[in-house]
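Taking it in order: structure first as C-alpha cells, then the write-up.
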Amino acid sequence: MPKNRSSAGRPVTAPARYPKGAPADRPPQKRSVSQQARLWLLSLCGAVPGAVVVYLTNSFWVGAWVFLAVVIVLGFALFLFERRKRR
C-alpha cells in the first residue's frame, strides 16, 4: 500500500515535452545555445566599458560600478526581449 494515499488513484503523467511558451519547431538545445550567446554578449557589453573606465581612472571600484550599471540596464532590456520573444 502506498504511503501517500492522495496519489494512489491518480495516473503518473510525464512532464511536458516543451516548456510553456517555447516553440515546438526549435530543439531545446538550440534555444539554450542562443540564449547563452545573448548572455555572453551582455557580459561582454558590460565588461568593455568597465575595463575602459578602470584604465582611464585607475580605480577598480569606479569600473565595477560602471559594469554593474551597464549590465543592469542592458539586462533589463534583454529580459524584456526574452519575455516578448516567448509570446
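Bear in mind that the values in this text are calculations on the coordinates, not laboratory data. It should be emphasised that the depicted structure is a prediction, and the values quoted were computed from it without experimental measurement. Backbone-built Cβ (ideal geometry, glycine too); neighbour counts: all protein chains shown.
Table for the structure above
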{"quantity": "Extension reserve of the residue 77-residue 33 stretch, reckoned as 0.36 nm per residue once the Cα distance is removed", "calculated": "13.9 nm"}
{"quantity": "Residue 85-residue 42 FRET efficiency (beta carbon distance; Förster radius 22 Å; 0.05 resolution)", "calculated": "0.90"}
{"quantity": "Inter-label distance, nm, simple model (7 Å from Cα along the C-beta direction), residue 55/residue 68", "calculated": "2.4 nm"}
{"quantity": "J(HN,Hα) series, the stretch 74-87, from Karplus relation 6.51 cos²θ - 1.76 cosθ + 1.60, nearest Hz, glycine and proline x", "calculated": "5, x, 5, 5, 5, 4, 5, 5, 5, 5, 5, 5, 5, 6"}
{"quantity": "Segments 68-80, 41-53 sorted - mean Cβ within 10 Å per residue, highest first", "calculated": "41-53, 68-80"}
{"quantity": "Backbone HN-Hα couplings from phi across the stretch 51-59 [Karplus 6.51/-1.76/1.60, Hz, Gly and Pro as x]", "calculated": "5, 5, 5, 4, 5, 6, 9, 6, 10"}
{"quantity": "Equivalent ellipsoid, the stretch 28-86 (semi-axes from 5 times Cα gyration tensor eigenvalues, Å)", "calculated": "28, 12, 6"}
